[in-house]
Amino acid sequence: MKLSIFLLFALITLFTYWLRSINLQHLKLHGATVPEGFEGAIDIEKLRSSSAYTFDSSRLDWWDSLFDNALLIIFLFGGLIAHYDHLISSFGFSPIVTALLFFLLLSWISTLLGIPFDLYSTFRIEARYGFNTTTARIWILDFLTSQAIGAVLMAFLISAVFWLIRWSPNEWWLWVWGFMALFSLFMMFISPYVIEPLFNKYEPVTEPGLEDEIRAMMEKAGLKVGAVLQMDASKRSNHSNAYFTGIGKVKRIVLYDTLIKQMSHAEIVAVLAHEIGHWKKGHIWKRLVWAEIMALAGSWISFKILGWAGLPGLLGLPTDISLPAKMVVLGFVASLALFPLGPFSAWRSRCHEREADRYASELTGRPQDLASALVKMSVENLSNLFPHPFYAAFYYSHPPAVERIRTLRGWV
């Protein structure tokens, strides 16, 4: 069985590398042609930069993936996980403390090994193409802050989950699912006020007249929002974006300051109208409900499989490995089993994006504004304008930019 699992892993990995390859080959064939809808917005030199940025980023991702997969093979298929598990268990701590140490140490090791790739991406590739504005000091502070927050949250979750498992050994799957669902909702409420401000400064929009136009559009849509804010994204990167955060009465709109500089008021309003479309079409709650249904099913299946004595044997491991080690094995096997669902999830997301585009066009009455905004965002962010159709179908959560813009301009 171990050989079968390894061959399945190898097949999936090779398939993903093949997808990357055909995507880059497609870009190489078409990347020197100005696509439909981008006439006058991008020149050959910018196209070359866009292609080069995609190639450089993809090359780094490829090496990162090779490194991660090599470590995964050594850790899981090479049996290192059994030695690691034995080491952690040998300290003689309680089951909860042992689980904490097992997962926290594993997380920290993984993070430390990934630092060189992150640094190269930020200070070489992003800097080479004019995106990076962060400093070494900001990077270090962000890293330490995110690690501290992550460690606290992980410690809390692991402690709660393993306490629930000991408290209710026969029904823990239901209690764990309910706890994680409530915790996710809680984080959606407090994150905009507690966590996000630790990394960025948020303040009312300073662009004259922009907030009034946004609130007028919100009122037309019948949607109330707590605040319209701008974020100092430019202190880390020149990439641009906008998003909604929070739920219920704590909903708020956040604009990157880079976006405000790059776009007209009408284009910004159109982008936000698209985000409003997700709320009005029920995409947010539909995704939440779907995620919780999948989580409930996954929790029950995990309960059954973790109680199966044959689980460690799938990777040729001793049957007496600890519960945390069994969870790692289960997570890996589950990732292989769920791999075919990736394209379905991406397809559902693209359907939602098209619905939100349609809603934004109807709300503003000017689909050309959203099309123009997408052109600017694609050009400024050096997006790949020529993804291979099969690659896009498998991975893209949004329709490719050229396709979206063509559709929007067809609605004019």
Would a scan of the range 24-43 turn up a residue that is of a type in the set (Asp, Glu) and in contact with a Gly (Cβ under 9 Å, 6 or more places away or on another chain)? no
Failed item in (1) under 15 Å from HIS274 (Cα atoms); (2) touching a residue at least 60 places away in the same chain (Cβ under 8 Å), with SER378 passing the rest: (1)
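So, in the range 153-183, how many residues would count as being within 27 Å of the chain's Cα centre (by Cα) and within 20 Å of PHE103 (Cα to Cα)? It would help to see each step written out before you state the result.
Here is the first cut: in the range 153-183, the ones within 27 Å of the chain's Cα centre (by Cα) are 153-162, 173-183.
Next cut, within 20 Å of PHE103 (Cα to Cα) only: 153-162, 173, 176-177, 179-180, 183.
So the answer is 16.
Quick one: is ALA216 in contact with a Leu (Cβ under 9 Å, 6 or more places away or on another chain), assigned to a helix (DSSP H, G or I) and either exposed (fewer than 13 other Cβ atoms within 10 Å of the Cβ) or in contact (Cβ under 8 Å) with a residue 40 or more places away in the chain (or both)?
no
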Evaluation of ALA325 against (1) at pLDDT below 95; (2) more than 30 Å from ILE44 (Cα to Cα) (one fails), failing number: (1)
Some residue of the range 53-70 being over 30 Å from LEU330 (Cβ atoms), surrounded by 15 or more Cβ atoms within 10 Å (Cβ to Cβ) and out of contact with any helix residue (DSSP H, G or I) (no Cβ under 9 Å at 6 or more places or on another chain): no
Can you name the residue in the range 356-387 that is within 21 Å of the chain's Cα centre (by Cα) and not in a helix (DSSP H, G or I) and, of all such residues, is surrounded by the fewest Cβ atoms within 10 Å (Cβ to Cβ)? SER383
Within the range 177-228, track down each residue that is hydroxyl-bearing (Ser, Thr, Tyr) and under 28 Å from ALA291 (Cα atoms). SER184, SER191, TYR193
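Kindly evaluate ARG128 against the criterion of being basic (Lys, Arg) and exposed (fewer than 13 other Cβ atoms within 10 Å of the Cβ). Even if it seems obvious, please write down each step before you answer.
On the way: basic (Lys, Arg): yes; exposed (fewer than 13 other Cβ atoms within 10 Å of the Cβ): no.
For ARG128, the condition - basic (Lys, Arg) and exposed (fewer than 13 other Cβ atoms within 10 Å of the Cβ) - is not met.
Kindly evaluate PHE15 against the criterion of being at pLDDT 95 or above, out of contact with any Ser or Thr (no Cβ under 7 Å at 6 or more places or on another chain) and either hydrophobic (A, V, I, L, M, F, W, C) or not in a helix (DSSP H, G or I) (or both).
Numbers: at pLDDT 95 or above: yes; out of contact with any Ser or Thr (no Cβ under 7 Å at 6 or more places or on another chain): yes; either hydrophobic (A, V, I, L, M, F, W, C) or not in a helix (DSSP H, G or I) (or both): yes.
In short, yes.
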If LEU363 meets every condition in (1) at pLDDT 95 or above; (2) in contact with a Gly (Cβ under 8 Å, 6 or more places away or on another chain) apart from one, which number is that one? (1)
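The values are calculated or read from the model by the stated rules, or taken from the named source; none is laboratory data. Computed from a predicted model, the values in this text were never measured in an experiment. When we count neighbours, we look across all protein chains shown, and the Cβ atoms used for this are built from the backbone with ideal geometry, even at glycine.
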